[in-house]
Amino acid sequence: MNLKSGTLHPAVLQVEGAKMGVMDELIEAEPYTLEVLEPPPDVEQLLQDLRCADVNRRMLAARAFSEIQDARAVPALIEMLNDDCPLVRVSAAYAVGRNPCSEAVEPLIAVLDRDWNGYVRKGLVWALGNCCDARAFDSLVEALMTDIPAVRLWAASALGQLGDLRALGPLSIALAKDPFAVVRSNCAWALGRLGDVRAVPSLQRALGDEDLSVQLDAREALETLGYHHEADSADLFEIC
């Protein structure tokens, strides 16, 4: 090699070219591999496993219904929200969230108010957001204001999904004061989702947030509300 120019001697290039040719032939000779498709889940067996005495089978069955929608699973999943094993409870919470129904709302709220496990509460809040039921409002606000960050960020999103305009105040406060940027970002998204222009002043202030992701989510929320920078915001009602 010519170290100054960084080029290879012509003879070396010929050898390298020959090696590459051999490799090309080997690659071309490799047979095509087909992706092996997994068989579809046995839903009937999974429904039975939800009530199985074996904790691992219960957990795996509940986890399966976080991907499968089948109303027949809901009664057993609601019961599993009170399972002794937190892994079963969190799996059941996400499964209920995938299969939301009005009958699940009160049990979800009851478990959220007393469960000690943060992972379970996070799943419960996510499920309540998917249920979109006003009965969850107070518990979701409480979670947004007092719970751990992983739960607060999903509580913010759930309040946005709920569509209850009473959430404008709590979300605006959390957007301004929560110490975690991921929570503030979700608050901005939720305010945009609520679709009420009274959130504009809070979102405007969030454009100056120290975290770029919060700024971007606030800007997107403002655009969702149809706000333009040249618009006069003097007449807009400020939440907090």
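No lab work stands behind these numbers, since they all come straight from the coordinates. Since the model is a prediction, treat every value here as computed from it, not as a measurement. As a convention, Cβ positions derive from the backbone with ideal geometry for all residues, glycine included, and neighbour counts pool all protein chains shown.
Note on the stretch 42-131: the C-alpha convex hull projects to 4.8 nm² when averaged across all orientations. Of the chymotrypsin sites (Phe, Trp or Tyr not before Pro) found in the stretch 53-145, the ones in coil according to DSSP and having at most 14 other Cβ atoms within 10 Å of their Cβ are Trp116. Relative to the current alpha-carbon distance between Asp70 and Phe180, full extension at 0.36 nm per residue lengthens the span by 36.0 nm. Computed over the stretch 42-131, relative contact order equals 26 percent, with contacts defined as Cα pairs under 8 Å that lie 6+ residues apart. The ellipsoid that matches the Cα gyration tensor of the stretch 135-240 has semi-axes, each √(5λ) in whole angstrom, of 21, 15, 11, with the longest given first.
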